[in-house]
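Working notes for the structure below.
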Amino acid sequence: MACPYFAVNNLNRDFVGTKGFSVVFRRSHLAMVEQRFPYFKPYLQQALQPDCNAFYLNPLLLTSGSRVDPHIDRSLRSYCKTIDPPTVVSVLYVTVPADIAGGDLILRSHKRKVGQIHPQPNTLIFFQGDLTHSITPVTSSGIRLSLVCEQYSLEGTQLQDIPEFIVESRAMRG
């Protein structure tokens, strides 16, 4: 959280009252990500799927009043307009208040609820990238910090459209 990129989230309007930043990279530049952000390395070694080659990683901080409205991830769309949802999304709950109220991850498929996950510290979860998901409003004090990674399996020109490595932040540009 001391990272200079941490600021009001650069994600879309579905991310209400959240903070974070984003790292876009191809698998070929994983070592650069790990060098620049050594604290992400254990997560990346556990979470990245071998069949994926493009990634959108973002630490996501929620506090009282924060929420994430229903959406399907396609954060790499700003680089490749025709991109499908990610193959998989991984979430590591880094910090979760013991008495958290709200902050649950809700998963839906065609408007039908298929899962509800109450965040637990040091828990790594995966879900299908084409699921609509949201985070219920946090109504307690403290911080809920997670690392979220959209993982894509791209071919040819789609992969070429994705930056090898870039940091997206409202605090500063990488």
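FYI, it's all coordinate maths here, none of it is from the lab. Bear in mind that the values here come from a model prediction, so they are computed numbers and not experimental data. Heads up, the Cβs are rebuilt from the backbone with ideal geometry, glycines too, and the neighbour counts pull from every protein chain shown.
Springs between Cα atoms under 10 Å define the GNM used for the chain, and in it the highest mean-square fluctuation of Glu155, Glu34, Glu164 occurs at Glu155. Picking from Pro86, Pro121, Pro38, which is most flexible by a Gaussian network model of the chain using Cα springs under 10 Å? Comparing Pro86, Pro121, Pro38 in a Gaussian network model of the chain, the most mobile one is Pro38.
Only Cα pairs under 8 Å and 6+ residues apart enter the sum, and on that basis the relative contact order of the chain stands at 35 percent.
Please rank Met1, Met32, fewest neighbouring Cβ atoms within 10 Å first, as an exposure proxy.
Working: Met1 11, Met32 14.
Ascending number of Cβ neighbours within 10 Å: Met1, Met32.
Magnitude of the charge dipole for the chain, about its Cα centre and with charges confined to Cβ atoms of Lys, Arg (+1) and Asp, Glu (-1), is about 320 debye.
Using 0.36 nm per residue, how much length does the chain from Thr136 to Arg27 gain when fully extended, once their Cα-Cα distance is taken away?
Numbers: separation 109, 0.36 × 109 = 39.24 nm, distance 3.19 nm.
Extra length from Thr136 to Arg27 when fully extended: 36.1 nm.
Residues whose amide H lies under 5 Å from that of Ser66, counting only those 5 or more places away or on a different chain, are Val138; hydrogens are built 1.01 Å from N in the peptide plane.
Would you calculate, for the chain, the mean residue ellipticity at 222 nm contributed by helices, counting each DSSP H stretch of 4 or more residues as -39,500 (n - 2.57) and dividing by all residues, to the nearest 500? Working shown, then result.
Numbers: 3 runs with 20 residues, N = 174.
Calculated at 222 nm, the ellipticity per residue is -3000 deg cm²/dmol.
Here the chain is described by how far its Cα atoms reach on the three principal axes: 45, 39, 28 Å, from widest to narrowest. Across Arg112, Arg77, Arg67, mean-square fluctuation computed from a Gaussian network of the chain (C-alpha pairs under 10 Å connected) peaks at Arg112. In plain terms, the chain from Ala2 to Gln116 could stretch by 38.0 nm, reckoned as 0.36 nm per residue minus the Cα-Cα distance.
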